[in-house]
Amino acid sequence: MAIGLLGIVGCAGERPNNLGERDGRLSACPASPNCVASQAADEGHRIAPLTFTGDPDAAFVRLRLVLGKRADTTIIDERGGYLRVELRTLLFVDDAEFLLDRAHTVIHVRSASRLGYSDLGKNRRRMEEIRREYSHSDPKP
């Protein structure tokens, strides 16, 4: 049983220390296919940002409410238009970030697996799921 527990804990990996917003940009994806980002230059990693109309702060609060309702999501860091969460899938932990871009009325997204090479598209599917939840949520939190 102890070996099984160590295996589970080992799959979570350590929190990366290279995440966060720098000059209006989120960290770039690694070369591996287990990451998606709205600011990625290549098609393999690129995903559309979340879009909104109206008040940017209200849009970001709405996103926070959507994420707060998800059972697989733990908010790790939140500050001035930046949000970092851990997303759990059975044994694995992924790191996601959201960055408010007021000028372009979008919220940039990035989600990456902590471990492994391929995530079989899980980060992309989950970000699209969050997009659907966000777009169907009440715009007035």
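Quick look at the numbers
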| read-out | value |
| --- | --- |
| Single residue of V93, V109, V66 found to be of a type in the set (V, I, T), in contact with a Phe, Trp or Tyr (Cβ under 8 Å, 6 or more places away or on another chain) and under 18 Å from S32 (Cα atoms) | V109 |
| Qualifying positions in the range 84-134 - of a type in the set (G, A, S) and either within 18 Å of N18 (Cβ to Cβ) or in contact (Cβ under 8 Å) with a residue 12 or more places away in the chain (or both) | A96, S111, A112, S113, G116, S118 |
| Failed condition for A103, given (1) surrounded by 13 or more Cβ atoms within 10 Å (Cβ to Cβ); (2) more than 29 Å from S118 (Cα to Cα) | (1) |
| Tally of residues being under 18 Å from R132 (Cα atoms) and not polar (S, T, N, Q) across the range 44-58 | 7 |
| Residue satisfying all of: in the range 22-54; over 12 Å from the mean Cα position of the chain (by Cα) and not in a loop (DSSP other than H, G, I, E, B); farthest from R64 (Cα to Cα) among these | R46 |
| In the range 68-84, residue surrounded by the most Cβ atoms within 10 Å (Cβ to Cβ) [restricted to those that are touching a Gly at 6+ places or on another chain (Cβ under 9 Å) and not aromatic (F, W, Y)] | R84 |
| Tally, over the range 101-141, of residues that are part of a strand (DSSP E or B) and in contact with a Leu (Cβ under 6 Å, 6 or more places away or on another chain) | 3 |
| Out of R62, R70, sole residue that is assigned to a loop (DSSP other than H, G, I, E, B), within 16 Å of S135 (Cβ to Cβ) and at pLDDT 95 or above | R70 |
| Residue selected from the range 85-95 under the condition farther than 11 Å from L67 by Cα and touching a strand residue (DSSP E or B) at 6+ places or on another chain (Cβ under 8 Å), by the criterion surrounded by the fewest Cβ atoms within 10 Å (Cβ to Cβ) | R88 |
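The values are calculated or read from the model by the stated rules, or taken from the named source; none is laboratory data. In this text the structure is predicted, and so the values were computed from the model without any measurement. All Cβ positions, glycine included, derive from the backbone under ideal geometry; neighbour counts span all protein chains shown.
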